[in-house]
Amino acid sequence: KTLIDLAKLNLIVGSGGILSHAPRRVQSMLMMVDAYEPLGFTTLSVDSIFMMPHLGVLSTINEQAATDVFVRDCMIYLGTCIAPTGPGKDGERCVDYELAVAGGAQERGTLHFGDLKLIPLAREQEATITLHPAKQVDVGSGAGQPITKTVEGGVVGLMLDARGRPLQLPADQAARIAALTKWFNAVDLYPKATPEVAHNAL
């Protein structure tokens, strides 16, 4: 069991060389989503150049300077992950969504179980999203209950994750490679991802 209620956690900050120096920020975000399996609405950010340990030392000498550097130069906001929870089979309807970007476009769609979707949404952009889940699915207001929230973007954007919790890969290797390839392509994790790329990621 965990001491942290992921459904109530609204920010995850990742630090470490593999996250700070990943070739693409979306790779850092997906690594964090897959590792921590956030629930509901969660903002994700990453330590830009693995600076947090050093700022911890600096804070013992000059707390304000450490705070300023942390906010201005250290934190890279990746975006927001929305992860519904509840049972369902791949391909079944999980949640309908309506997204309205402040001063911009609107989008509607349906997320099915097993889907991973990335919607561009910049760091300074806000959007209002309304979710209408299936009767057994919870997006933060109870099973089957709709919810409307304001979300912020980031250098990656808004990630809608209907792959389920806990995240489980198919036991069959061919099916597992197919699932990974689908998810990689959905978020453009590796440009022109192929089954060979997914196989190497196992």
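For region 85-97, backbone phi angles converted through the Karplus equation (6.51, -1.76, 1.60; θ = phi - 60°) give residue-by-residue couplings of 10, x, x, x, 9, 3, x, 6, 5, 9, 7, 9, 9 Hz, Gly and Pro being listed as x. DSSP assigns beta bridges within region 1-142; of those with both partners inside it, close to 85 percent run antiparallel.
Shown are 129, 4, whose ranking by accessible area with a 1.4 Å probe and every protein chain present, most to least, is 4, 129. You can think of it this way: the chain between residue 90 and residue 64 has 4.4 nm of extra reach, that is 0.36 nm per residue less the Cα-Cα gap. In a fully extended conformation the segment linking residue 141 and residue 165 would gain 6.9 nm over its present Cα-Cα distance, using 0.36 nm per residue. Taking all protein chains as shown and a probe of 1.4 angstrom, residue 99 keeps an accessible surface of around 10 Å².
Looking at the chain as a GNM with Cα springs under 10 Å, which of 187, 69, 137 has the largest mean-square fluctuation? Result for the chain, Cα springs under 10 Å: 69 fluctuates most.
The phi-based Karplus calculation (6.51 cos²θ - 1.76 cosθ + 1.60; θ = phi - 60°) puts the 3J(HN,Hα) values of region 132-137 at 10, x, 4, 4, 9, 9 Hz, whole numbers, x for Gly and Pro.
Work out which trypsin sites (Lys or Arg not before Pro) in the chain are exposed loop sites (DSSP not H, G, I, E or B, at most 13 other Cβ within 10 Å) and give the longest gap free of them.
On the way: sites that count: 1, 8, 89, 135, 192.
Free of exposed loop sites, the longest segment is 9-88.
Quick check: at a probe of 1.4 Å, how many percent of the accessible area of region 61-121 sits on carbon and sulfur atoms? Carbon and sulfur atoms account for 48 percent of the accessible area of region 61-121.
With all protein chains kept in place, the per residue accessible area of region 59-150 amounts to 55 square angstrom at a probe of 1.4 angstrom. With a simple spin-label model that places each label point 7 Å from the Cα along the Cα-to-Cβ direction, the separation between residue 126 and residue 106 comes to 1.9 nm.
Solvent exposure of residue 92, expressed as accessible area, is near 80 Å², computed with a probe of 1.4 Å over the protein chains only.
Classify region 127-194 as rounded, prolate or oblate, taking a ≥ b ≥ c as the square roots of the eigenvalues of its Cα gyration tensor: rounded when a/c is under 1.5, otherwise prolate if a/b is larger than b/c and oblate if not. List each step's numbers first, then the result.
Values: a/c = 3.61, a/b = 1.43, b/c = 2.52.
The shape class here is oblate.
If R0 is 22 Å, the Cβ-Cβ spacing of residue 21 and residue 75 corresponds to a FRET efficiency of close to 0.85.
The values are calculated or read from the model by the stated rules, or taken from the named source; none is laboratory data. Remember, predicted model here, so these are calculated numbers, not experimental data. Here the Cβ is made from the backbone with ideal geometry for all residues, glycine too, and neighbour counts use every protein chain on show. Accessible surface areas use protein heavy atoms only, side chains included; no ligands, DNA or RNA. Shrake-Rupley method; radii C 1.70, N 1.55, O 1.52, S 1.80 Å.
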